[in-house]
1. By how many degrees, 0 to 90 and rounded to 10, does the Cα axis of helix 67-77 deviate from the longest principal axis of the chain?
2. Can you work out the base-10 log of I(q)/I(0) for the chain at q = 0.08, 0.11, 0.16 1/Å, using the Debye formula on its C-alpha atoms alone?
3. GNM on the chain, C-alpha springs below 10 Å: top fluctuator among 64, 98, 36?
4. What full-extension length gain, to one decimal in nm, is calculated for residue 203 and residue 48 as 0.36 nm per residue of separation minus the Cα-Cα distance?
5. What distance in nm separates the simple spin-label points at residue 170 and residue 28, each placed 7 Å from Cα in the Cβ direction?
6. Could you let me know the centre-to-centre spacing of the stretch 1-80 and the stretch 168-218, using Cα atoms, in angstrom?
7. When you count, for each residue, the other Cβ atoms within 10 Å and take the mean per peptide, how do 104-117, 195-208 rank with the highest first?
8. Ranking 170, 152 by Cβ neighbours within 10 Å, fewest first, what do you get?
Ligand code: SAH
């Protein structure tokens, strides 16, 4: 076998093949992940590794999640074309960009202002007009835009935050990694019922912790 770098279309085929082999089978999710090029969301040193199924460093000491985890979480969220979705933990903006292909409207909150500025600029450059990034502590959700059909949290909480549960519509779904930040966490699917919530454990995951307040450094 030759060690020559893969051509772009080969890289893309390999990327989609890996997603499928890891259980991402939903056609709408695969279509969105085919359309949104992860290369836009990874910059600098790691740019040439954008199509590997691995988390990578981004600005502000944060990470862009592993593509197969993005795919599995998006698939579990069962986003419909009329849905209003909230993401907590914008990071690179990659997950939000994928959601923008599946939902009517996407709001995403991040505690690092620099990441909000950079991702909002990227959304505009890519003509993703139904997604907006906000600076703030996402544990409190976005009361002005609530309630949401779907909520996805991409940082680990010790428990699903109360304000997010309160901002979920009846019948709505929230996907959230739960557990201590230095241990393996569980990905949880929360469904809001007429009364109360149903909790389902999906798989072990590892995310950066959900921190309190806006970041002081950027
Ligand atoms: N979804 C991102 C990856 C998220 S990494 C992507 O697709 O690239 C987790 C992000 O959550 C980090 O950027 C971190 O700064 C942010 N974060 C942590 N606690 C937060 C909080 N309370 N409110 C908003 N963002 C938070």
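Laboratory data are not the source of any read-out in this text; all were calculated from the coordinates shown. In this text the structure is predicted, and so the values were computed from the model without any measurement. Ideal geometry is used to build each Cβ from the backbone, glycine not excepted, and the neighbour counts take in all protein chains shown.
1. 30 degrees
2. Normalising to I(0) and taking log10 leaves -0.26, -0.49, -1.08.
3. Greatest mean-square fluctuation among the candidates belongs to 36.
4. Values: separation 155, 0.36 × 155 = 55.80 nm, distance 2.89 nm.
This chain segment gains 52.9 nm when fully extended.
5. With each label placed 7 Å out from Cα toward Cβ, I get 2.3 nm.
6. First find each Cα centre; the distance between them is then 22 Å.
7. On the way: 104-117: 21.9, 195-208: 13.4.
So the peptides 104-117, 195-208, ranked by packing, come out 104-117, 195-208.
8. Numbers: 170 10, 152 25.
Fewest-to-most ranking of 170, 152: 170, 152.
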